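Input: a single structure, listed below in structure tokens.
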Amino acid sequence: MTRRSIHGKASTGLPSPVEAWIDRYKHDGGLRRFVVYFAFALILVTFSIILHDDGFLSSSNLLNIGRQAAPIAVMAVGMAFALAAREIDLSVGSVVALSSLVAAEMVGNYGFLIGVLVALAASVLVGLVNGLITVKVRIPSFLVTLGMLGIISGIARNWNDLQSLPIRNDRFSGLFGAGGLGPVSSLLIWIIVVGGLGHFALHHLRWGRHVLSTGADRDAANAVGINTARVKISALVASATAAGFAGVLLAGRLSIGRHDLGEDYLLTVIAAVVIGGTNLFGGRASVIGAVTGALIMAMLNNGLILMGLEVADQRIARGVIIILAVALSMREAKES
């Protein structure tokens, strides 16, 4: 039997902490938030059976999947904040390339620490420009970051006349890609570090709550004193910074900076974030889900390659996943 609360909602008669947990559970997407983990397990088991004789479960192949997933996972963490704030960043792929080139240039001249800091500073600057134009000029972030994609891509292509910049610094390569802690690749460690920081920021910092509130209802967030303009700018800065760090990881793994690094990552990153439980229309995000989504995308690519399918087939698979994920987000938006 239910009763009416003072706010006019039907009460279940359960203790208020239990009702609060149920409300939060429903707001977070209910059982749907676990779909990404079920999907991960299902794909892992399926490929393990189908590709048993091709070494899918070998330690070297699983490590390769983790390495492939690392830059996508890092970018997905940043993109999750942008989408949660009801914005989108289409410039992330070009930021990866720019960051790798800046890192390669600076590491060669000033050492690995300066190289990483300058590469991240350049990424922050891109995110800040994206955010300021979006908020102050009131141009949708879709258009702003699409334009920035072209600008940054052009800068990257002109950086060294389409030539790669080699990185000859063992400390940089070991820390950001080629090295590891025992059998564990440094790239996997960075996935855990960035994912953990993102999860903490989203759920345990006031800023994370403000991002979710701004994406869910900007007018209501403004009404309670949240500076939603600043929140949106900071979310786009977070996205660009994560993309910049992904560029550093790719530069460390490959020991080069190149104008086309990250060029094809945008669709994969969006797919990873959305299937991970982040609402494409703002107000809800899951950093752990985004990281899991990145692992799913890397596992799909790896499995399709082992099955002998071409790059075109991988693109088709990613496209189908994005359509399904967006359809699910639209359905959730209508139901909320």
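Values quoted throughout were computed directly from the atomic coordinates according to the rules given, and no laboratory measurement underlies them. Worth saying up front: this structure is predicted, and the values here are computed from it rather than measured. All Cβ positions, even for glycine, are placed from backbone atoms using ideal geometry, and neighbour counts span all protein chains on display.
Values computed for the structure shown
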| quantity | calculated |
| --- | --- |
| Cβ-Cβ FRET estimate between ILE49 and LEU205, R0 fixed at 51 Å, reported to 0.05 | 0.75 |
| Residues with amide H under 5 Å from that of GLY180, placed H, sequence gap 5 or more | SER186 |
| Residue among SER255, SER286, SER59 with the largest mean-square fluctuation in a Gaussian network model of the chain, springs linking Cα atoms under 10 Å | SER59 |
| Gaussian network model of the chain, springs between alpha carbon atoms under 10 Å - residue of VAL211, VAL35, VAL144 with greatest fluctuation | VAL35 |
| Label-zone membership for the range 33-74, site ARG315, 7 angstrom Cα→C-beta point, backbone N under 20 Å | 72 |
| Local electrostatic count at PHE172 - Lys and Arg +1, Asp and Glu -1, tallied over other residues with Cβ under 14 Å | +1 |
| C-alpha center-to-center spacing [the range 304-321, the range 154-204] in angstrom | 25 Å |
| Highest average packing first - 147-159, 234-246, Cβ atoms within 10 Å | 234-246, 147-159 |
| Amide H contacts of ILE256 (H built 1.01 Å from N, under 5 Å, at least 5 apart or other chain) | ILE167 |
| The chain: DSSP helices with Cα axial extent of at least 27 Å and average Kyte-Doolittle hydropathy no lower than 0.0 | 59-84, 112-136, 228-254, 287-306, 311-335 |
| Packing-based exposure ordering (other Cβ within 10 Å, fewest first) of TYR110, TYR37 | TYR110, TYR37 |
